[in-house]
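K.L.:
What follows is a structure written as structure tokens; I'll ask about it next.
The values are calculated or read from the model by the stated rules, or taken from the named source; none is laboratory data. Keep in mind the model is a prediction, meaning the values are calculated, not measured. Methodologically, a virtual Cβ is constructed for each residue, glycine included, from the backbone with ideal geometry; neighbour enumeration extends over all protein chains shown.
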Amino acid sequence: MSTISIPLDTDQFWQAARPLGFALPRCLKCHEFHFYPQPACPFCGSQSLELALTPGEGEVYSFTVVYRAPAESFRADVPYIIAIVRTDAGPHLMTRLCEIAPEDVLIGMRVKVRWKDDQNLPLFEPMQES
Amino acid sequence: MTKANGLGGAAIVGVGHSRLGAVPDMNTLALQYAAAHDALQDAGLTVSDVDGVLTTPIRVENWAMPCGKVAQALGISPRYLATIDLAGASGLAMMHHAAMAILSGQCETVLCIGGQNLLSFSSKGAAVKKLADAGWAHPDFEAPLGPLVPSLYALAAQRHMHEYRTTLEQMAQVAVTLRSHAALNPHAHKQDVLTIADVMKSKIISSPLRLLDCALVSDGAAAFVLTKKERAKDLKKMPIQIAGQGYGHSHTYIGDYREVIRTGAINSGRDAFNMAGLKPADIDIAQLYDCFSITVIIELEDLGFCKKGEGGAYVEGGRISIQGDLPVTTHGGLLSAGHPGLAGGMLHVIEAVRQLRGEAGARQVKNPEAVLVHGNGGIIGLHATSILVRG
């Protein structure tokens, strides 16, 4: 039995998760985080899952700068940075990097979540050196 | 794992394809019809000899059941038919499923066919949008961010460059070498030779990948015919057999996979080599899947031709050219011979057969005995490997 139903599509997922912060699905049995959402834990198969808060921080695992938009709706954004972020909680996810120029992006760079203004869409931005 | 070859009772007896490249005067069904008849003629068979049909989906039209549509167009009433979709590995999967259908006694002679007018079906750029919408990026968590298909492979390339110091020049070398092979292939979509500088000056698409690091978009269709061994002996061409076959799947999407440069090719290659009782050093030609230049480098590593991280250095110094230690993708591949979608990998099978028969003309490798063919689907996650030998 699933303890809660975790939405599998992006709008509904982040709508459910965002009030908690950058929350990701976690298995109540083996305690591993996973993402993207799955109907069961990909590590142990348990359907007992929860949404658990994570710090929303991680590092750039890989990135690409897109110079040719796949559709008209992305044309105004070109060039834009698509990245895979390795979150400190474990899961990797695809995102866009913001608040940084393409030429300044480095693999391994520390980043944190920055929610897109009016959407439930998590982007990532560089963390300030402290 | 037994070394006995369980697939030896079936053989590839005919191969063929339509015109490749820009073929604006033919639609998808016409291209497939031309390829089918080319393969049947090569085998010395007619449609009345065919009792099995395998095909793979197309993108340019909405075909409800491609295997039925193709069988009807060819005038075949099959005892066995299916539409097989392993994305870019579909060609190898069709070949293997045909052999299994024959060996099980379900049918005797199978026509495998695929292809489409991916370049000419609509306006410029339509294919790029079609591919971007085809579900290669996770429809909920990746596609809304705006990746191109090249962006998804660029993420693997950038990580490979970071971990192993693989260079842009090394990736360009793959494109340059395969184009030099296509220059010897009169059927190839692009035959003008390239230099590393040409690749590195070509338009940036999604860093670090440039236009000439990316596969072509082509019109074209391909076909091959398999039949049982006893029948093959009486036909006009040298039968070619599947000595080993393997599959592997490491991930469906690139974004949530935690080791993007270690792929399902590790498992598909292991199983194919084990079944054939061969090792990488025994392979005379590798028809690797080359949707992007980086794909070839990663496959060389994961199939065991070199150590992990050494694929970039491996492609240098002419090693993968027709005269080299391991000729790779000798027809020119998806980067240069043509890429009409899921059927693109069928051309690698056809080239393997032609090389083993000694029919490859100016690009013939001297007396190859074992040819590895590799197919890769999705974002370097779904793999099939075959090892072909003379029957």
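K.L.:
Could you grab me the full set of residues in the stretch A:57-74 that are within 9 Å of chain B (Cβ to nearest Cβ) and either crowded, with 22+ Cβ neighbours inside 10 Å or within 20 Å of the chain's Cα centre (by Cα) (or both)?
P.N.:
Across the stretch A:57-74, the qualifying residues are A:Tyr61, A:Ser62, A:Phe63, A:Thr64, A:Val65, A:Val66, A:Pro70, A:Phe74.
K.L.:
Within 11 Å of chain B (Cβ to nearest Cβ), touching a residue at least 60 places away in the same chain (Cβ under 8 Å) and surrounded by 14 or more Cβ atoms within 10 Å (Cβ to Cβ) - does that describe any residue in the stretch A:27-47?
P.N.:
Step one: list which residues in the stretch A:27-47 are within 11 Å of chain B (Cβ to nearest Cβ), which gives A:34-38, A:42.
The next check asks that each one be touching a residue at least 60 places away in the same chain (Cβ under 8 Å); those that pass are none.
Scanning the stretch A:27-47, I find no residue that is within 11 Å of chain B (Cβ to nearest Cβ), touching a residue at least 60 places away in the same chain (Cβ under 8 Å) and surrounded by 14 or more Cβ atoms within 10 Å (Cβ to Cβ), so the answer is no.
K.L.:
A follow-up question, please. Check the stretch A:67-82 and report whether any residue there is of a type in the set (Phe, Trp, Tyr), out of contact with any Gly (no Cβ under 8 Å at 6 or more places or on another chain) and within 14 Å of B:Tyr257 (Cα to Cα).
P.N.:
No, every residue in the stretch A:67-82 fails to be of a type in the set (Phe, Trp, Tyr), out of contact with any Gly (no Cβ under 8 Å at 6 or more places or on another chain) and within 14 Å of B:Tyr257 (Cα to Cα).
K.L.:
Here is a check on your reading of the model: is B:Ser123 assigned to a helix (DSSP H, G or I), polar (S, T, N, Q), within 14 Å of chain A (Cβ to nearest Cβ) and free of Cβ contacts under 8 Å to residues at least 60 places away in the same chain? Reasoning before the result, please.
P.N.:
Details: assigned to a helix (DSSP H, G or I): no; polar (S, T, N, Q): yes; within 14 Å of chain A (Cβ to nearest Cβ): yes; free of Cβ contacts under 8 Å to residues at least 60 places away in the same chain: yes.
No, not satisfied.
K.L.:
State yes or no: is B:Ile113 crowded, with 21+ Cβ neighbours inside 10 Å, modelled with pLDDT of 95 or more and not in a helix (DSSP H, G or I)?
P.N.:
For B:Ile113, the condition - crowded, with 21+ Cβ neighbours inside 10 Å, modelled with pLDDT of 95 or more and not in a helix (DSSP H, G or I) - is met.
K.L.:
Exactly one of these conditions fails for A:Thr54: (1) at the interface with another protein chain (Cβ under 9 Å from one of its Cβ atoms); (2) under 28 Å from A:Leu106 (Cα atoms). Give me its number.
P.N.:
Every condition holds for A:Thr54 apart from (1).
Residue by residue, here is whether (1) touching a Leu at 6+ places or on another chain (Cβ under 6 Å); (2) of a type in the set (A, V, I, L, M); (3) not in a loop (DSSP other than H, G, I, E, B) holds:
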| site | (1), (2), (3) |
| --- | --- |
| B:Asp140 | no, no, no |
| B:Pro144 | no, no, yes |
| B:Leu152 | no, yes, yes |
| B:Leu155 | no, yes, yes |
| B:Arg159 | no, no, yes |
| B:His162 | no, no, yes |
| B:Thr166 | no, no, no |
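K.L.:
Follow-up question, since we're still on this one. Tell me whether the stretch B:157-171 contains one or more residues that are buried (at least 24 other Cβ atoms within 10 Å of the Cβ), under 26 Å from B:Asn117 (Cα atoms) and not acidic (Asp, Glu). If you could, list the steps in order and put the result at the bottom.
P.N.:
Filtering the stretch B:157-171 for residues buried (at least 24 other Cβ atoms within 10 Å of the Cβ) gives B:157-158, B:160, B:166, B:171.
From what's left, under 26 Å from B:Asn117 (Cα atoms): none.
So far as the stretch B:157-171 goes, no, none of its residues is buried (at least 24 other Cβ atoms within 10 Å of the Cβ), under 26 Å from B:Asn117 (Cα atoms) and not acidic (Asp, Glu).
K.L.:
Let me ask another. If we scan the stretch A:8-26, do we find a residue that is at pLDDT 95 or above, more than 9 Å from every other protein chain (Cβ to nearest Cβ) and over 24 Å from B:His251 (Cβ atoms)?
P.N.:
Looking for residues that are at pLDDT 95 or above, more than 9 Å from every other protein chain (Cβ to nearest Cβ) and over 24 Å from B:His251 (Cβ atoms), one finds none in the stretch A:8-26, hence no.
K.L.:
Answer with yes or no whether B:Gly375 is part of a strand (DSSP E or B) and closer than 25 Å to B:Asp133 by Cβ. Show your work before the answer.
P.N.:
Details: part of a strand (DSSP E or B): yes; closer than 25 Å to B:Asp133 by Cβ: yes.
In short, yes.
K.L.:
State which residue is nearest to B:Ala39 (Cα to Cα) when the search covers only the stretch B:51-70 and only residues that are in a loop (DSSP other than H, G, I, E, B) and out of contact with any helix residue (DSSP H, G or I) (no Cβ under 8 Å at 6 or more places or on another chain).
P.N.:
Residues of the stretch B:51-70 that are in a loop (DSSP other than H, G, I, E, B), as a first pass: B:51, B:56-65.
When the remaining residues are screened for being out of contact with any helix residue (DSSP H, G or I) (no Cβ under 8 Å at 6 or more places or on another chain), the result is B:51, B:62, B:64-65.
Working: B:Asp51: 15, B:Asn62: 25, B:Ala64: 25, B:Met65: 22 Å.
Of everything passing the filter in the stretch B:51-70, B:Asp51 is nearest to B:Ala39 (Cα to Cα).
K.L.:
If you go through the stretch B:277-318, how many residues are surrounded by 15 or more Cβ atoms within 10 Å (Cβ to Cβ) and either outside the structural domain of B:Gln355 (by TED's automatic domain parsing) or part of a helix (DSSP H, G or I) (or both)?
P.N.:
So the answer is 15.
K.L.:
Return the pairs, sorted by first residue and then second, in which the second residue is of a type in the set (Lys, Arg), the first residue lies in the stretch B:253-264 and is assigned by TED's automatic domain parsing to the domain that holds B:Gly377, the beta carbons are less than 7 Å apart, and the residues are 6+ apart or on different chains.
P.N.:
Between residues of the stretch B:253-264 that are assigned by TED's automatic domain parsing to the domain that holds B:Gly377 and residues that are of a type in the set (Lys, Arg), the close pairs are B:Val260/B:Arg159; B:Ile261/B:Arg159.
K.L.:
Looking only at the stretch B:128-156, how many residues end up being out of contact with any strand residue (DSSP E or B) (no Cβ under 6 Å at 6 or more places or on another chain) and more than 7 Å from chain A (Cβ to nearest Cβ)? Reasoning before the result, please.
P.N.:
Let us first name the residues in the stretch B:128-156 that are out of contact with any strand residue (DSSP E or B) (no Cβ under 6 Å at 6 or more places or on another chain), namely B:128-141, B:143-144, B:146, B:149, B:152, B:156.
Checking which are more than 7 Å from chain A (Cβ to nearest Cβ) leaves us with B:130-131, B:133-137, B:139, B:143, B:149, B:152, B:156.
Total satisfying the criteria: 12.
K.L.:
Could you pull out the residue among B:Ala93, B:Ala73, B:Ala82 that is assigned by TED's automatic domain parsing to the domain that holds B:Leu226 and assigned to a strand (DSSP E or B)? Steps first, answer last, please.
P.N.:
Details: B:Ala93 fails: assigned to a strand (DSSP E or B); B:Ala73 fails: assigned to a strand (DSSP E or B).
The unique qualifying residue is B:Ala82.
K.L.:
Further question on the same structure: Would you check which residues across the stretch B:21-57 are closer than 22 Å to B:Asp85 by Cβ and surrounded by 21 or more Cβ atoms within 10 Å (Cβ to Cβ) and list them?
P.N.:
Within the stretch B:21-57, B:Thr28, B:Leu31, B:Gln32, B:Ala35, B:Ala36, B:Ala39, B:Val50, B:Gly52, B:Val53, B:Leu54, B:Thr55, B:Thr56 qualify.
K.L.:
Mind listing whichever residues of the stretch B:6-34 are part of a loop (DSSP other than H, G, I, E, B), more than 17 Å from B:Met94 (Cβ to Cβ) and touching a residue at least 60 places away in the same chain (Cβ under 8 Å)?
P.N.:
Matches in the stretch B:6-34: B:Gly6, B:Gly8, B:Gly9, B:Arg19, B:Leu20, B:Ala22, B:Val23, B:Pro24, B:Met26, B:Asn27.
K.L.:
Still on this structure: Got a sec? Which of B:Asp325, B:Asp290, B:Asp302, B:Asp284 is in contact with a Pro (Cβ under 7 Å, 6 or more places away or on another chain) and not aromatic (Phe, Trp, Tyr)?
P.N.:
Criteria check complete, one pass: B:Asp284.
K.L.:
How many residues are in contact (Cβ under 8 Å) with a residue 12 or more places away in the chain and not in a helix (DSSP H, G or I) when one looks only at the stretch B:335-363? Can you show your working first?
P.N.:
Residues of the stretch B:335-363 in contact (Cβ under 8 Å) with a residue 12 or more places away in the chain: B:335-357, B:360-363.
In the following step, the residues that additionally are not in a helix (DSSP H, G or I) were identified as B:337-341, B:360.
Residues meeting the conditions: 6.
K.L.:
Looking only at the stretch B:253-263, which residues are more than 10 Å from every other protein chain (Cβ to nearest Cβ), surrounded by fewer than 24 Cβ atoms within 10 Å (Cβ to Cβ) and either modelled with pLDDT of 95 or more or assigned to a strand (DSSP E or B) (or both)? Step through it out loud before you land on a result.
P.N.:
As a first pass, look at the stretch B:253-263 and keep what is more than 10 Å from every other protein chain (Cβ to nearest Cβ): B:262-263.
Now drop any that are not surrounded by fewer than 24 Cβ atoms within 10 Å (Cβ to Cβ), which leaves B:262.
If the condition is that a residue be more than 10 Å from every other protein chain (Cβ to nearest Cβ), surrounded by fewer than 24 Cβ atoms within 10 Å (Cβ to Cβ) and either modelled with pLDDT of 95 or more or assigned to a strand (DSSP E or B) (or both), then no residue fits.
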